[in-house]
Structures are given as structure tokens and as C-alpha cells.
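Provided herewith is a single structure, encoded as C-alpha cells, for subsequent inquiry.
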Amino acid sequence: MHRFLYERFLKCPGCLPEMSLVLRNLQRAVPLRRVPLRQRMEAVRSILGVQKFDLGIICVDNKSIQHINRIYRQKNIPTDVLSFPFHENLKAGEIPQPDFPDDYNLGDIFLGVEYIFQQCKENEDYYDILTVTATHGLCHLLGFTHSTEATWQQMYQKEKQVLEELGRCTGARLHPLSRNLF
């Protein structure tokens, strides 16, 4: 089923998902081709069943992600991903049930692409790691956390399930970002 969605949405130039995925590159530190990340994240949205919601993914450099991290998390260091949910207080994996059309929005994910690039190992594909990191951020927008071992386990299992399904569609071998947190 998801292979069909992948082929339909990603290999058919005129086929668009129901709501928009806004992918902005606001940095120049690392070359970034948005198409591969957009294609994979469209597939991830389909796997999660949230393609009817708007989603913003903003790619930034170390200076910008550090600034955002300092303001919102009081951590004055660059990081890989920060998520800002439109719907707060969702239970893990809960799909929002908006009352109004303007509320069909998941929120925004800021990817520290320079930081992610610097953390990539030689044998890792940069776009694979971007996909894994953006998927982690999307799970946060759907109420998943990793503040305790129990909540981490839920998040890890969801990321694993989504990335395995994506791997069946793309052939990539992707592993959850949260695999070594506890």
C-alpha cells in the first residue's frame, strides 16, 4: 500500500499530497538539494497518515539553530532538530482533530543541517540522516517524547516502524535517531 503512495506521490511530477509541505533552506553553510528530502518526507507523512496537515521544515545553520535552542530550551549549543507543534498536549501518536480548516497544521521542524552534516560519519548518507532527523522531529509534533525510558520506548518503536516502511519503499536502511537515548 505505501509503495503505491510512494510511487504515486514521488514519481509522478503532477501528483501532489492534500496539504502542503513547506521546505525552506535558510542557510548556505552546507549544499542542500531539497527534492530528495521533500520526497522522503512526503512519504513519511503518508505512512503516518498526516498528509492532510500542513508541515513546515526549515533548514538552518549552526548559528541559527543555536540561537533558537538558546531561546526555547536555554541550551546555548547547536543541535540537530527542534520541533514546534501547532497542537500542544497531544498524546503520543495522536492525530489532531481540528475543528477549523486553518488548524490543519502540525507545526514546524527546524533542522540544523550544518550540525547534522558535521555529525555524519563517512559511511552515512547525508540525506538518509536528514530524513531520520526530520522523522524524529515529526514524531515530536505528534506528541512523542523521550523524557523517560517508557516514553522513549514508544517514540523509538514509532520511528522504527515508520523508517522500516519508508525503507521498503526506497530501499534505504534507516535507523531511528532515538535508538541510543536510554
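The values are calculated or read from the model by the stated rules, or taken from the named source; none is laboratory data. What you are looking at is a predicted structure, and each value in this text was computed from that prediction instead of being measured. FYI the Cβ positions are ideal-geometry reconstructions off the backbone, even for glycines, and counts take in every protein chain you see. For the accessible areas, the whole protein counts, side chains as well, though only heavy atoms, and no ligand, DNA or RNA atoms are used. Shrake-Rupley method; radii C 1.70, N 1.55, O 1.52, S 1.80 Å.
At a 1.4 Å probe radius, carbon and sulfur cover how many percent of the accessible area of the stretch 133-182?
48 percent
Another one. Sort 21-28, 45-52 for me by packing, meaning the mean count of neighbouring Cβ atoms within 10 Å per residue, highest on top.
Result, highest mean Cβ count within 10 Å first: 45-52, 21-28.
Rounded to the nearest whole Å², what accessible area per residue is found for the chain with the 1.4 Å probe?
With all protein chains present, the chain gives 56 Å² per residue.
Can you pull out the GluC sites (Glu not before Pro) in the stretch 19-112 that DSSP calls coil and that have at most 16 other Cβ atoms within 10 Å?
Working: sites: 42, 88, 94; in loops: 88, 94.
Passing both the DSSP loop test and the Cβ count: 88, 94.
Using a 1.4 angstrom probe on heavy atoms only, work out the carbon and sulfur share of the accessible area of the stretch 17-81 in %.
For the stretch 17-81, the apolar C and S fraction of the accessible surface comes to 48 percent.
Evaluate the charge dipole of the chain about its Cα centre and quote only its size in Debye, nearest 20, assuming +1 on the Cβ of each Lys and Arg and -1 on the Cβ of each Asp and Glu.
Dipole about the Cα centre, nearest 20: 400 debye.
Please give the charge dipole size of the stretch 88-182, origin at the Cα centre, charges +1 on K and R Cβ atoms and -1 on D and E Cβ atoms. Round to the nearest 20 debye.
Using Cβ point charges on Lys, Arg, Asp and Glu, the stretch 88-182 gives about 420 debye.
For the stretch 19-92, state what percent of all Cα-Cα pairs lands in each successive 10 Å bin, counting from 0 Å until the bin that includes the largest distance.
Going from the shortest bin to the longest, the percentages are 16, 42, 35, 7.
Then there's this: At q = 0.21 Å⁻¹, what is the base-10 log of I(q)/I(0) for the stretch 124-173 according to the Debye formula with one equal point scatterer per Cα and no solvent? Please give it to two decimals.
Relative scattering, expressed as log10 I(q)/I(0), comes to -0.74.
Go through 112, 27, 50 and say which Cα lies farthest out towards the positive end of the charge dipole of the stretch 20-165; charges sit on Cβ, +1 for Lys and Arg, -1 for Asp and Glu.
With unit charges placed on the Cβ atoms, the residue in question is 27.
Ok, one more. Hey, if you put +1 on the Cβ of every Lys and Arg and -1 on every Asp and Glu Cβ in the chain, which of 178, 74, 84 ends up farthest toward the positive end of that dipole?
So the residue furthest toward the plus end is 178.
A follow-up question, please. Of 63/91; 52/158; 52/121, which ones are farther than 25 Å apart at the Cα?
Where the Cα-Cα span goes over 25 Å, the pairs concerned are 63/91; 52/121.
Quantify how much of the Cα-Cα distance distribution of the stretch 20-149 extends past 20 Å, in percent. Could you put the intermediate results ahead of the total?
Details: 3660 of 8385 pairs.
When all Cα pairs of the stretch 20-149 are counted, 44 percent exceed 20 Å.
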